[in-house]
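Quick notes on the structure that follows.
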């Protein structure tokens, strides 16, 4: 497994991983309106802006196939997705460790918005809830999520 910075030619791959993960996993946790919100939030335009700003990284398996993506914005972890067929094999943990190391060399605190499917992973890694948000979405549905943080161990 390896992690590398994304380049412009990776945008379709990042979009595919994001959409595939949201479409397959999130309907088990969220109503339809919230799933559509996530898909729109992780749009090609947002991905393009993050790649241009050198914020996006890709996880490659031993065969050098891209199977995951993570975005790091200052001290915030965003868009951590692993293809559903590759979940449960440690790739998400490796990307999270990579991001944590990068952030904690410059900032005392890591912040992230925790999706329901990933919250258990963040709790295991020492993240704590700091706030709860509800966003109205389409279909008279709501998206509920927690903002979590992890501080440098001192």
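Within segment 117-131, being out of contact with any strand residue (DSSP E or B) (no Cβ under 9 Å at 6 or more places or on another chain) and under 12 Å from residue 150 (Cα atoms) holds for one residue alone: 124. Within segment 26-36, the set of residues being surrounded by fewer than 14 Cβ atoms within 10 Å (Cβ to Cβ) and free of Cβ contacts under 8 Å to residues at least 40 places away in the same chain comprises 27 only.
Grab the helices (runs of 4 or more DSSP H) fully contained in segment 1-116, keeping just those with 2 or more residues being out of contact with any helix residue (DSSP H, G or I) (no Cβ under 9 Å at 6 or more places or on another chain) and farther than 18 Å from residue 147 by Cβ.
11-25, 44-52, 91-104
Annotation: residue 152 fulfils all but one of (1) exposed (fewer than 13 other Cβ atoms within 10 Å of the Cβ); (2) more than 20 Å from residue 59 (Cα to Cα); (3) free of Cβ contacts under 8 Å to residues at least 24 places away in the same chain; the unmet one is (3).
Residues that are in contact (Cβ under 8 Å) with a residue 40 or more places away in the chain and surrounded by 13 or more Cβ atoms within 10 Å (Cβ to Cβ) within segment 53-69 comprise 56, 57, 58, 59, 60, 61, 66, 67, 68, 69, listed in sequence order. Is it the case, given these coordinates, that residue 84 is at pLDDT 95 or above, surrounded by 13 or more Cβ atoms within 10 Å (Cβ to Cβ) and either closer than 26 Å to residue 141 by Cβ or touching a strand residue (DSSP E or B) at 6+ places or on another chain (Cβ under 7 Å) (or both)? Yes: the conditions hold for residue 84. The numbered conditions (1) in a helix (DSSP H, G or I); (2) under 22 Å from residue 55 (Cβ atoms) are all true for residue 147 except (1). Suppose the filter is more than 12 Å from the chain's Cα centre (by Cα), touching a residue at least 12 places away in the same chain (Cβ under 8 Å), closer than 25 Å to residue 110 by Cβ and surrounded by fewer than 21 Cβ atoms within 10 Å (Cβ to Cβ); does residue 6 pass it? So residue 6 fails the test. Can you confirm whether segment 37-51 contains a residue that is at pLDDT below 95, touching a strand residue (DSSP E or B) at 6+ places or on another chain (Cβ under 8 Å) and either farther than 19 Å from residue 10 by Cα or surrounded by fewer than 16 Cβ atoms within 10 Å (Cβ to Cβ) (or both)? Within segment 37-51 (the criterion being at pLDDT below 95, touching a strand residue (DSSP E or B) at 6+ places or on another chain (Cβ under 8 Å) and either farther than 19 Å from residue 10 by Cα or surrounded by fewer than 16 Cβ atoms within 10 Å (Cβ to Cβ) (or both)), the answer is yes, since at least one residue qualifies.
The values are calculated or read from the model by the stated rules, or taken from the named source; none is laboratory data. Bear in mind that the values here come from a model prediction, so they are computed numbers and not experimental data. Reconstructed Cβ throughout: ideal geometry from the backbone, glycine too, with neighbour counts over all protein chains shown.
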